There are 2 protein chains.
Amino acid sequence: VIRIIDGEGGRATSRLIKELFLKRLSNPLLKPLNDSAVAELTSSRIAFTTDAFVVDPLEFPGGDIGKLSVCGTVNDLAAAGAKPVLLSAAFILEEGLELERLERFVESMAETAGEANSIIACGDTKVVPHGKGDGVYITTTGVGVLPGGDIPEPKRIATGDAIVISGPIAQHAAAIIAIRENLRADPPIASDCAPLSNMVLDAMAVSEIHAMRDPTRGGLGGVLIELARQSGKRFVIRESEIPINEAVENICELYGYDPLFMACEGRMVFILPETEVDSLLVSLRKYPYGKGANRIATVEEGSEIIIETKSGGVRRLVPPEGAPLPRIC
Amino acid sequence: VIRIIDGEGGRATSRLIKELFLKRLSNPLLKPLNDSAVAELTSSRIAFTTDAFVVDPLEFPGGDIGKLSVCGTVNDLAAAGAKPVLLSAAFILEEGLELERLERFVESMAETAGEANSIIACGDTKVVPHGKGDGVYITTTGVGVLPGGDIPEPKRIATGDAIVISGPIAQHAAAIIAIRENLRADPPIASDCAPLSNMVLDAMAVSEIHAMRDPTRGGLGGVLIELARQSGKRFVIRESEIPINEAVENICELYGYDPLFMACEGRMVFILPETEVDSLLVSLRKYPYGKGANRIATVEEGSEIIIETKSGGVRRLVPPEGAPLPRIC
């Protein structure tokens with residue numbers, strides 16, 4: 001298990017880093033274990049993003065905190081139109097954490113970073129006393145490179161654009177609820193947690209995308225509210241077009257959650273000209289993570305979000321005070 | 001105080017970010033609050049580093065966790081020879097943390113980042129339940145730009161080089177011990193915590209530096225042991241030349257700590273040709289953080305670290321199993 005001494009920067013720390021982290025994450029940038037990794041990027045225009053992960057529980061169907069921490073950062077870079085290149089990982093370990101668990105998380109990180117063609121180029125490890133943490137907290141930060149020219153930005157959203165989501169919503173949050181509530185679905189609801197950069201880079205190659213955002217904390221609803229505000233446009237959502245799995249819908253109904261505000265960890269929202277939608281959908285649906293992609297809304301002049309409900313009604317979408325679930329990421 | 005709802009990604013989170021973080025950290029990159037910051041760097045060759053900060057206590061003479069978290073990252077970039085440009089900050093807040101304290105830490109970060117000519121370009125905030133954290137943990141990650149050509153690297157260390165430290169050692173650790181042990185020195189021992197990038201960039205302009213390292217966790221001794229190993233050289237240290245304040249020395253003696261392995265947070269170790277030492281010392285001593293700079297050792301053929309003690313003896317320097325103090329950074 002992890003001991004306080006493992007975080008003090010002496011021989012114990014070096015051993016932990018070499019035997020556990022370096023073995024799984026090894027790459028030419030990390031290997032020298034210098035204070036900084038040095039890299040030559042293919043472009044001087046970069047995207048830069050950070051996220052702390054405190055998910056509870058640390059493991060869930062479809063992923064674990066390691067996979068989640070890489071997906072979150074990779075997807076934030078992808079949403080900016082950037083190709084992920086370098087990731088950093090800072091671990092706050094709780095005294096008493098089993099080494100085997102930590103190994104699994106690091107393994108997940110290595111695998112997911114590899115899938116996204118990125119590397120974990122630098123890291124840090126601290127240990128806090130038993131009770132002052134919750135197994136492990138991971139902060140991942142990413143650097144991605146951007147091409148020249150226009151990049152996706154909310155201010156490019158235009159009247160007449162359409163809104164597409166890459167797959168069923170609310171799945172990550174539902175997976176976490178199911179495990180917390182001890183629901184035994186068969187098969188269990190799995191998190192959608194996935195690194196989307198390859199799919200997104202391909203999508204950008206075939207269609208001109210005005211804006212992108214990954215609907216994590218705050219869910220699809222939260223992202224749409226923010227994008228409507230940032231662009232000064234009115235969005236009209238057709239609820240019946242929003243993809244959602246039946247088991248997820250049932251769980252939300254059972255516990256009184258609105259799936260529109262429940263986190264995804266492997267979905268992307270695209271806003272783009274109506275004429276580009278078909279080629280985007282064809283491109284997305286080639287990927288396992290994009291099979292459920294669908295056009296869900298239109299952009300109009302105005303300033304609010306309207307949702308046409310399945311029952312034929314119309315309501316304004318307003319943000320909840322908090323999201324319904326703490327510590328889902 | 002911080003509530004669980006402040007970390008859930010709804011309106012409460014937005015308010016916290018806008019009213020507390022954005023007010024103090026405001027800059028054009030952070031302001032749009034997109035998932036990623038987008039920046040055009042002056043060079044595509046970068047240094048990249050991350051550190052998690054879990055210091056206990058959160059405030060101490062000479063600094064607080066906010067200042068420390070920026071210094072640690074800025075100094076790691078400086079040690080790589082890079083000019084700090086972009087920083088990210090991820091906060092893991094404990095439910096119940098007073099907003100006024102958090103404000104002070106964020107203020108310290110803004111001030112210290114400004115002193116280092118860098119900005120906090122992106123961030124994240126999570127909240128963990130009371131008892132699952134320790135007030136606040138901060139992870140800062142930094143991107144710095146590097147010039148073309150040779151950069152400081154351990155493999156450039158050559159026989160005949162000299163080793164310089166930029167000021168008195170062990171001060172950060174001693175300040176933390178003093179506060180933990182309730183020692184009432186007057187004036188209190190202050191941490192040396194400082195952003196060194198301006199001083200280091202000037203030093204690099206006047207002298208050819210083979211290697212640099214900031215002696216944080218593990219202290220001067222830890223850094224020298226690592227550099228000797230990485231370069232395959234023998235270092236001969238003259239203990240009497242190592243700058244140390246008397247109050248710091250007394251505290252170390254009182255509690256049985258070896259100051260050589262005690263953390264600094266505002267010092268840099270330089271290894272450079274003997275002929276360059278004088279110009280380096282002149283340059284360093286112009287800065288308040290470099291007033292106590294001194295030449296402390298020489299590099300020879302061989303493979304161990306020898307210390308010539310004040311009492312005239314000679315001993316081999318070996319790394320301790322852990323550093324003597326948990327959670328000093």
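The values are calculated or read from the model by the stated rules, or taken from the named source; none is laboratory data. Nothing here was measured: the structure is a model prediction, and the numbers come from that model. Please note: Cβ atoms are built from the backbone with ideal geometry, for glycine as well, and neighbour counts cover all protein chains shown.
One line per residue, one yes/no per condition, for (1) among the hydrophobic types (A, V, I, L, M, F, W, C); (2) on the phi < 0 side of the Ramachandran plot; (3) touching a residue at least 12 places away in the same chain (Cβ under 8 Å); (4) not in a loop (DSSP other than H, G, I, E, B):
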{"position": "B:Asp124", "(1), (2), (3), (4)": "no, yes, yes, yes"}
{"position": "B:His130", "(1), (2), (3), (4)": "no, yes, yes, no"}
{"position": "B:Pro168", "(1), (2), (3), (4)": "no, yes, yes, no"}
{"position": "B:Ala185", "(1), (2), (3), (4)": "yes, yes, yes, no"}
inquiry  = Against the condition crowded, with 18+ Cβ neighbours inside 10 Å, more than 17 Å from A:Ile328 (Cβ to Cβ) and of a type in the set (D, E, K, R), how does A:Glu276 come out, does it pass?
reply    = yes
Checked against (1) at the interface with chain B (Cβ under 9 Å from one of its Cβ atoms); (2) in a helix (DSSP H, G or I); (3) surrounded by fewer than 24 Cβ atoms within 10 Å (Cβ to Cβ), A:Ala110 satisfies every condition except (1)
Expected single match for at the interface with chain A (Cβ under 10 Å from one of its Cβ atoms), surrounded by fewer than 24 Cβ atoms within 10 Å (Cβ to Cβ) and over 30 Å from B:Pro154 (Cβ atoms) among B:Leu99, B:Leu33 is B:Leu33
Of A:Arg229, A:Arg213, A:Arg285, the only residue that is surrounded by fewer than 18 Cβ atoms within 10 Å (Cβ to Cβ), of a type in the set (D, E, K, R), at negative phi and modelled with pLDDT of 95 or more is A:Arg285
Of the residues in the range A:1-48, those that are of a type in the set (A, V, I, L, M), under 18 Å from A:Leu86 (Cβ atoms) and assigned to a loop (DSSP other than H, G, I, E, B) come to A:Leu29, A:Leu30, A:Leu33, A:Leu41
Notebook entry, point to check: Quick check: is even one residue across the range B:61-83 part of a strand (DSSP E or B), closer than 30 Å to A:Glu153 by Cα, touching a Gly at 6+ places or on another chain (Cβ under 7 Å) and at pLDDT 95 or above?
Noted result: yes
- Message: Any residue at all in the range B:275-295 that's part of a strand (DSSP E or B), in contact with a helix residue (DSSP H, G or I) (Cβ under 7 Å, 6 or more places away or on another chain) and closer than 28 Å to B:Ile189 by Cβ?
- Response: yes
If we ask which residues in the range B:54-93 are more than 30 Å from B:Asp186 (Cβ to Cβ), charged (D, E, K, R) and at the interface with another protein chain (Cβ under 9 Å from one of its Cβ atoms), their number turns out to be 1
Expected single match for under 24 Å from the mean Cα position of the chain (by Cα) and either over 27 Å from A:Gly72 (Cβ atoms) or within 14 Å of chain B (Cβ to nearest Cβ) (or both) among A:Leu272, A:Leu227, A:Leu284 is A:Leu227
Within the range A:298-329, residues more than 14 Å from chain B (Cβ to nearest Cβ), buried (at least 17 other Cβ atoms within 10 Å of the Cβ) and in contact with a helix residue (DSSP H, G or I) (Cβ under 7 Å, 6 or more places away or on another chain) come out as A:Ile305, A:Ile307
query = Quick one: would you say B:Asp51 is at the interface with chain A (Cβ under 7 Å from one of its Cβ atoms), in a helix (DSSP H, G or I) and crowded, with 24+ Cβ neighbours inside 10 Å?
reply = no
In the set A:Arg3, A:Arg24, the lone residue that is basic (Lys, Arg), in contact with a helix residue (DSSP H, G or I) (Cβ under 9 Å, 6 or more places away or on another chain), more than 29 Å from A:Asp214 (Cα to Cα) and more than 7 Å from chain B (Cβ to nearest Cβ) is A:Arg3
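Residues checked against (1) within 25 Å of A:Asn198 (Cβ to Cβ); (2) of a type in the set (D, E, K, R); (3) under 20 Å from the mean Cα position of the chain (by Cα):
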{"position": "A:Val223", "(1), (2), (3)": "yes, no, yes"}
{"position": "A:Gly232", "(1), (2), (3)": "no, no, no"}
{"position": "A:Asp278", "(1), (2), (3)": "yes, yes, no"}
{"position": "A:Ser303", "(1), (2), (3)": "no, no, no"}
{"position": "A:Leu317", "(1), (2), (3)": "no, no, no"}
{"position": "A:Glu321", "(1), (2), (3)": "no, yes, no"}
{"position": "A:Cys329", "(1), (2), (3)": "yes, no, yes"}
- prompt: What about A:Asp56, is it charged (D, E, K, R) and surrounded by fewer than 24 Cβ atoms within 10 Å (Cβ to Cβ)?
  reply: yes
Residue count, the range A:170-183, condition assigned to a loop (DSSP other than H, G, I, E, B) and surrounded by fewer than 24 Cβ atoms within 10 Å (Cβ to Cβ), comes to 3
Given the condition within 12 Å of another protein chain (Cβ to nearest Cβ), under 22 Å from the mean Cα position of the chain (by Cα) and not basic (Lys, Arg), answer yes or no: does some residue in the range A:164-171 qualify? no
